[in-house]
Amino acid sequence: MIGYYVHHHGRGHLSRALAISRHLTEDVVFFSSAPRPHELGPAVDWVQLPLDLPGEDGPVDDPTANGRLHWVPLHVDGLAARSAVLVNAITALRPRRMVVDVSVEVALLCRLAGVPVTVMAMPGDRGDAVHELGYDIADQIVAPWSCDVYRPDWLARHDARTHYVGVISRFEGAPPGNRSATRPSTGLLLMGAGGSAAPRDALDQLRRGAPDYHWVAAGGDAGWVDDLWPMLSGADVVVTHAGQSGIADVATAGVPAVVIPERRPFDEQHATAAALAEAGVVATAPAWPRPDEWAALLSAARNAGGRWQRLRGEGAAARAASVIAA
């Protein structure tokens with residue numbers, strides 16, 4: 001049996017976990033503070049973990065343990081409770097491996113319980129001592145991107161245990177979209193579930209700045225769209241954040257993209273956007289563009305739109321599952 005920890009922030013960790021688990025032939029038990037996803041079959045176990053947060057007015061006392069960890073605040077009942085649930089489940093279920101996507105503290109707790117750990121790597125500046133600890137104690141590291149496009153220096157010392165599998169999308173294998181030459185070109189503004197700095201009138205700005213496109217939106221203030229594939233695969237161009245799941249989904253659809261990174265810890269999205277731009281895969285902007293900048297950005301995106309194959313999305317989830325199953 002495989003145990004699989006899924007971080008609750010945003011939707012990307014969950015999307016990746018579900019995509020990978022479809023290629024695993026042994027039982028998987030998921031652990032997360034996120035609600036059980038409706039996509040999960042009734043026969044699959046989802047262990048609900050308490051949140052590790054203080055009360056609304058509660059103090060946050062020494063959350064980093066003097067800089068040695070990321071989030072272990074003192075005297076938070078939920079932190080003790082989630083640790084107990086995890087250790088008790090490991091004791092009862094005896095998983096042969098835990099996949100952690102992502103938490104250094106969870107990875108460390110599982111390894112202290114004597115369970116081999118597979119850690120999902122994250123882009124950005126992860127060379128700090130806490131991340132190094134998480135990668136050091138893992139016997140497998142899965143990097144869900146292409147080493148041809150992004151090979152960070154801080155990960156090099158773990159090369160012997162790192163598997164660059166390519167970008168992982170929930171839509172891999174979906175039928176291609178229907179783009180018609182007889183209708184106006186469609187532009188999709190794609191925002192994530194982890195928060196967005198795009199202006200509230202972003203869609204109106206796009207309509208003014210690029211009126212030749214019919215603009216629609218998904219995610220963020222526009223609301224989460226469960227069945228995104230028809231919108232995404234039918235678009236002629238996408239304006240998106242640089243979250244891993246969003247990039248993987250756009251790559252699978254093969255749609256030209258303008259990537260505008262959001263502020264995230266460790267400059268995760270900025271590192272991704274920079275690597276994609278350097279590889280000539282997308283057009284990027286460091287911040288939300290002015291209306292008069294959209295025409296050039298969209299033209300650059302269309303010119304780069306045929307290079308998504310460099311991200312090795314085809315077969316990526318199966319490659320990750322093969323690493324975990326070994």
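The values are calculated or read from the model by the stated rules, or taken from the named source; none is laboratory data. Since the structure is predicted, the reported quantities are computational estimates derived from the model, not experimental observations. Every residue, glycine among them, receives a Cβ derived from its backbone with ideal geometry; neighbour counts consider all protein chains shown.
Side notes on the structure shown:
- Residue that is touching a helix residue (DSSP H, G or I) at 6+ places or on another chain (Cβ under 7 Å), in the same structural domain as residue 15 (by TED's automatic domain parsing) and surrounded by fewer than 16 Cβ atoms within 10 Å (Cβ to Cβ), where the choices are 74, 53: 53
- All conditions but one from (1) in contact with a Phe, Trp or Tyr (Cβ under 7 Å, 6 or more places away or on another chain); (2) surrounded by 20 or more Cβ atoms within 10 Å (Cβ to Cβ) apply to residue 20; the one that does not is (1).
Conditions (1) hydrophobic (A, V, I, L, M, F, W, C); (2) touching a helix residue (DSSP H, G or I) at 6+ places or on another chain (Cβ under 6 Å), marked per residue:
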site: 146; (1), (2): no, yes
site: 150; (1), (2): no, yes
site: 153; (1), (2): no, no
site: 161; (1), (2): no, no
site: 164; (1), (2): no, no
site: 187; (1), (2): no, no
site: 225; (1), (2): yes, no
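Condition check ((1) assigned by TED's automatic domain parsing to the domain that holds residue 38; (2) within 29 Å of residue 38 (Cα to Cα); (3) among the β-branched types (Val, Ile, Thr)) across all residues:
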site	(1), (2), (3)
178	no, yes, no
206	no, no, no
269	no, yes, no
272	no, no, yes
279	no, no, no
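- Subset tally (residues that are without any contact (Cβ under 8 Å) to a residue 24 or more places away in the chain and at positive phi) for the range 140-198: 1
- Residue check, residue 210 outside the structural domain of residue 147 (by TED's automatic domain parsing) and either within 20 Å of the chain's Cα centre (by Cα) or under 30 Å from residue 131 (Cβ atoms) (or both): no
- Residue match in the range 128-151 (condition: among the hydrophobic types (A, V, I, L, M, F, W, C), modelled with pLDDT of 95 or more and over 24 Å from residue 266 (Cβ atoms)): no
- For the range 198-230, the set of residues classified as buried (at least 18 other Cβ atoms within 10 Å of the Cβ) and over 22 Å from residue 248 (Cα atoms) consists of 202, 203, 205, 206, 209, 210, 213, listed by residue number.
- With respect to (1) among the β-branched types (Val, Ile, Thr); (2) over 19 Å from the mean Cα position of the chain (by Cα); (3) in a helix (DSSP H, G or I), the lone exception for residue 216 is condition (3).
- Residues of the range 124-144 satisfying the condition of being more than 22 Å from residue 276 (Cα to Cα) and charged (D, E, K, R): 128, 132, 136, 139
- The range 56-84 - residue that is over 25 Å from the mean Cα position of the chain (by Cα) and among the β-branched types (Val, Ile, Thr) and, of those, nearest to residue 129 (Cα to Cα): 60
- Filtering the range 162-180 to residues that are among the basic types (Lys, Arg) and surrounded by fewer than 16 Cβ atoms within 10 Å (Cβ to Cβ) leaves only 179.
- Filtered residue count, the range 33-51, keeping only those that are part of a loop (DSSP other than H, G, I, E, B) and under 13 Å from residue 86 (Cα atoms): 4
- Of the residues making up the range 150-177, those that are of a type in the set (Ser, Thr, Tyr) and in a loop (DSSP other than H, G, I, E, B) are 150, 169.
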